[in-house]
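Inspection log for the structure reproduced underneath, given as structure tokens.
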Amino acid sequence: MFGFGRKTQEKKKMGPIGGLVGLAMFCGAAGALAWNETRTVKQSNAISELDKSHVGVEISSIDTALEGKPIYVSGAAETESGAMDPYFEIGGSDTLIVHREVEMYQSVKKSRDNKTYYEEEWSDDAESGDNPPFEIQGDHFAAADARMGEFQLDSRVLAELDRTDFNVPEQLTAQAESDGWRALGSQIYKGSGSPQNPQIGDHRVRFSVV
């Protein structure tokens, strides 16, 4: 009887505490939702105002009177020097940007139902543990002289353009081949395994270009 009575008292004590915790969580969720909704409305209003105030201009000249104002331009982007991955020599004089995606086959830490386990998979993030370090990093290379008429296009603008996949050449640079890389279809591969049967530490590199 004594033990039963103590459990009942503990339940009575936990009741108010649980209610306060639940109320606090509810208030926090409501506040976050309200903040998110307010932010969304402000962004929508700002975009609407920008859409009303922007000015369409020709790319053949730059009007200094519009400095600092939102403008809209449309035209063909051009480059003479082009963009190129200096290591694999992917790209060329007609390329605005080259995007290099690097993944390594790793043992990745997972969590489910408060249990930790590991799965082997491709990832472009360096995972902690017994995985080796990345031998090469993902990167993007932009044409330094990219222009649209009189407007210069920096790497931030070029990075927003839609890219297309690039099939790598059958023959890689002498430096890449001497380092152990080999061309396999649409990707460049390095490691003791293969795309069909990868091993921990294998790398694969894929490219997309504008």
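The values are calculated or read from the model by the stated rules, or taken from the named source; none is laboratory data. Every value quoted in this text rests on a predicted model; they were computed, and no experiment measured them. For neighbour counting, all protein chains shown are included, and Cβ atoms are generated from backbone atoms with ideal geometry for every residue, glycine included. Note: areas computed on protein heavy atoms with side chains; ligands, DNA, RNA excluded. Shrake-Rupley method; radii C 1.70, N 1.55, O 1.52, S 1.80 Å.
Note on surface exposure: 172, 158 rank 172, 158 by accessible area, highest first, 1.4 Å probe.
Converting phi to 3J(HN,Hα) with the Karplus coefficients 6.51, -1.76 and 1.60 and the offset θ = phi - 60°, segment 188-198 yields 10, 10, 8, x, 7, x, 8, x, 7, 9, x Hz in sequence order, with x at every glycine or proline.
On the basis of the beta-carbon distance and an R0 of 45 Å, residue 39 and residue 118 show a calculated FRET efficiency of 0.75. Counting only heavy atoms of the protein chains and using a 1.4 Å probe, residue 120 has close to 110 Å² of accessible surface.
Using the beta-carbon distance between residue 125 and residue 74 and R0 = 45 Å, what value does 1/(1 + (r/R0)^6) give for FRET efficiency, to the nearest 0.05?
Numbers: r = 37 Å, r/R0 = 0.82.
My answer for the efficiency is 0.75.
The apolar share of the surface of segment 134-210, taken as the fraction of accessible area on carbon and sulfur atoms (1.4 Å probe, ligands and nucleic acids excluded), comes to 44 percent. Label positions at residue 62 and residue 177, each projected 7 Å from the Cα along the C-beta direction, are separated by 4.5 nm.
Residues 200, 59 ordered from highest to lowest accessible area at a 1.4 Å probe: 200, 59. What the phi angles of segment 64-75 give under the Karplus curve with 6.51, -1.76 and 1.60, with θ = phi - 60°, is a coupling list of 5, 5, 9, 4, x, 9, x, 10, 10, 10, 8, x Hz, glycine and proline written as x.
Applied to segment 100-113, the Karplus parametrisation 6.51 cos²θ - 1.76 cosθ + 1.60 on θ = phi - 60° returns per-residue 3J(HN,Hα) values of 9, 10, 10, 10, 10, 7, 9, 8, 9, 6, 10, 9, 7, 6 Hz, with x for Gly and Pro.
Count charges around residue 108 for me, please; just the other residues with Cβ under 9 Å from its Cβ, Lys/Arg as +1, Asp/Glu as -1. Don't jump to the answer; show the numbers that get you there.
Numbers: positive: 109, 110; negative: 119, 120, 121, 125, 127.
Result for the local shell: -3.
Could I get the Rg over Rh figure for segment 83-210? Both from C-alpha atoms, Rh via Kirkwood, rounded to two places.
Numbers: Rg = 17.2 Å, Rh = 16.3 Å.
Dividing the radius of gyration by the Kirkwood radius yields 1.06.
Accessible surface computed residue by residue for segment 82-133, with neighbouring protein chains in place and a 1.4 Å probe, gives 61 Å² per residue. With contacts defined as alpha carbon pairs under 8 Å and 6 or more residues apart, what's the relative contact order of segment 147-210 in percent? Reported as a whole number, the value is 32 percent.
For the peptides 107-116, 76-85, the ranking by mean Cβ contacts within 10 Å, running from highest to lowest, is 76-85, 107-116.
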